[in-house]
Amino acid sequence: MRQGLAVKQLNNRAQSPWWRPDIHADRRPLLLARGAIKRAVRGWFESQGFVEVDPAALQISPGNETHLHAFATERIGTDLQRDAFYLHTSPEFAMKKLLTAGEEKIFAFAPVFRNRESGPLHASEFTMLEWYRAGAPYEQLWDDCAAILRIAASVTRRMTWSWRGKTCDVGIDAERLTLEQAFARDAAIALRAASAGGADRDVLAQSAHEAGIRIAVDDTWSDIFSRVLVEKIEPLLGAGRPTILYEYPTTEAALARPSPRDRDREVAERFELYVCGVELANGFGELTDAGTQRDRFNAWMDEKERIYGERYPIDEDFLSALEQMPPASGCALGFDRLVMLATGAERLDQVIWTPLTR
């Protein structure tokens, strides 16, 4: 009851300053619930034999996906030499190095940093719950996600979550939907017929246009794919029950291995978890082919340079470690989003202890 009252009062107030005692008093029940959820999730991972790790945030490369934007800084040595560094956008590179080092089941509540992100579902600094299982199939991560949803629901005693008019019973087994099925069902687009190769960009563009989506002349296949996903598919996911969306096109699966079920190697072992139309988690069967990973990084940095006029360095140490990394699966879950949905909050800033203000 106190959480629900706090949310209603917060929604009637200005978002800042959060440090005003009256505003903090309304936020405090949500923040205490955040702590309780973290303790419960940590306890579950430890009961499963996981080790909690603390990956460093300062990295040579922040990640090499086209549309991720990092915070840049520099390290000044005692000799006054200056070296460029970044705050990581994910603890992924560091945690995979730990898998190579011999760790088998690890998790982290990691502060991560992303530029050009702000809004009800985005923050420049947020907490990523990330975990890895060496030798495990990526489908096992789907069960992990279901367990985490139920843990959060048990803490807040709210099994039915809602956000912006959509509701979801997180106690119900998740719907499992491939990207091919989702595009056919929700956008009437045959994704296989509009694969990422060559002139098929025009096939996808025509299909998207017929589905009522505006297409620009310079939109790439990936641009069009993302627009269909955001406009036609994501709003319908996780309604009624959670949704596992899986088997992404290989071109849209940054660090995932190709699916062994796909003879043509056009789809990869990537999945996303949705609740109430909100993306909560992103998981992979991890790619361990360093040569393929280098090629992908270079292609995405070329695209970033084309679009944004910048590129990030490649972490050669990570690629060296990847050559020796055992088969593994890993998942990243937006912890703040989890808390927001579990408590009934409407914005991330309501469940972050000290949200960034201008």
Exposure proxy ranking, count of Cβ atoms within 10 Å, fewest first, for Val53, Val217, Val278: Val217, Val53, Val278
Simple label model, 7 Å out from Cα along Cβ direction - Ser124 to Arg192, nm: 4.7 nm
Order of Phe183, Phe318 - criterion: other Cβ atoms within 10 Å of each residue's Cβ, fewest first: Phe318, Phe183
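Could you work out the relative contact order of the chain, using alpha carbon pairs under 8 angstrom and six or more residues apart, expressed as a whole percent? Can you show the working numbers first?
Values: 656 pairs, mean separation 79.6, N = 358.
It rounds to 22 percent for the chain.
For a 25 Å ceiling on Cα separation, which of these pairs sit above it: Lys38/Lys96; Lys38/Lys105; Lys96/Lys232?
Working: Lys38/Lys96 23 Å; Lys38/Lys105 18 Å; Lys96/Lys232 34 Å.
The answer is Lys96/Lys232.
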Order of Thr156, Thr292 - criterion: other Cβ atoms within 10 Å of each residue's Cβ, fewest first: Thr292, Thr156
Anisotropy class of region 10-168 from Cα gyration tensor, a/c 1.5 cut: oblate
5 angstrom amide H check on Thr167, placed H, neighbours 5+ away: Gly240
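So for region 37-158: antiparallel DSSP bridges make up what percent, rounded to the nearest 5?
Working: 18 of 20 bridges.
Within region 37-158, antiparallel bridges account for around 90 percent of the total.
Laboratory data are not the source of any read-out in this text; all were calculated from the coordinates shown. If you're wondering where the values come from, they're calculated on a predicted model, not measured in any experiment. Neighbour counts are summed over all protein chains in view; Cβ atoms, including those assigned to glycine, are modelled from backbone coordinates with ideal geometry.
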